[in-house]
Amino acid sequence: MNQHLFAVSILLLLMGHSLGANVVSRRAAMVAHRGDHKCTLQVNVDGAAEVEIWGDTAELRTLSGQDAFWRRFECTALMPQRAADFRLVSITGRGAVSLVRDSRTSRGRAVVRVDDPQGGRGVYTFDLVWRGSPAPGWTPGWTPGPAPPPPPPAFAVQACQDAVSDRLRQSGYPSASFGRIDSPNGRAEWVSGIVTARRRSVNAPFSYSCSVDFRSGRVRSVDVQRQ
């Protein structure tokens with residue numbers, strides 16, 4: 001049954017259908033950090049998307065293109081309603097990342113917009129950084145809501161294929177066409193399959209496998225081998 005559901009999710013992804021609502025919630029993993037407090041977010045976007053962040057919760061909203069999905073969300077503390085020196089720091093991404101709503105002027109809710117003008121998906125990483133105590137500003141009795149459900153397995157497949165495409169581009173193959181995708185077959189949280197990479201006029205077949213955290217979509221390791 002699990003393998004059947006996995007295969008259905010992959011088929012929906014390949015056919016380009018939406019896998020649910022275009023708003024995906026996520027709770028932050030809390031991490032230790034010295035210096036200014038921050039939240040680090042990494043999202044996969046094709047087109048345009050907005051991320052709204054408050055406390056330790058965020059919502060990723062697709063505005064155009066294929067559904068955006070999460071790859072990482074970590075904070076050193078709850079993001080406060082009133083903070084000193086609140087700013088956006090863009091780390092990686094081929095398009096534009098902009099702060100469209102400052103948490104200091106919207107009761108602790110910040111909104112970041114990601115615009116990915118190129119074809120295909122792009123990975124964007126950015127920090128929201130602030131100074132000051134994370135505790136003041138939240139009304140007494142505020143408690144985090146329930147954790148959102150894990151993403152569908154097809155999101156883990158897409159994260160793996162993004163990582164494989166990056167590895168192939170680094171090896172001089174600018175384009176890749178993915179073929180057969182294998183279900184885990186007893187190997188928990190593994191994705192594998194076949195991909196054809198193109199360099200100039202030469203097509204080369206490769207096999208690949210990824211270790212993926214199916215709850216977060218984070219790729220732990222990637223292996224790509226020429227067949």
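Just so it is clear, none of the values below were taken in a lab; they were calculated from the coordinates. This structure is a prediction, so every number in the text was calculated from the model and none was measured. All Cβ positions, even for glycine, are placed from backbone atoms using ideal geometry, and neighbour counts span all protein chains on display.
Values computed for the structure shown
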| item | result |
| --- | --- |
| Fewest-first sequence of Ile53, Ile181, Ile194, Ile91 by Cβ atoms within 10 Å of each Cβ | Ile91, Ile194, Ile181, Ile53 |
| Kirkwood hydrodynamic radius (C-alpha pairs) into Stokes-Einstein, the range 153-226, 20 °C and 1.002 mPa s, D in µm²/s | 175 |
| Separation between Cα centres of the range 163-182 and the range 67-127, rounded to whole Å | 28 |
| Projected label distance in nm at Arg61 and Arg218, using a 7 Å step from Cα toward the beta-carbon | 2.7 |
| Sorted by Cβ neighbour density within 10 Å, fewest at the top, the residues Val24, Val123 | Val123, Val24 |
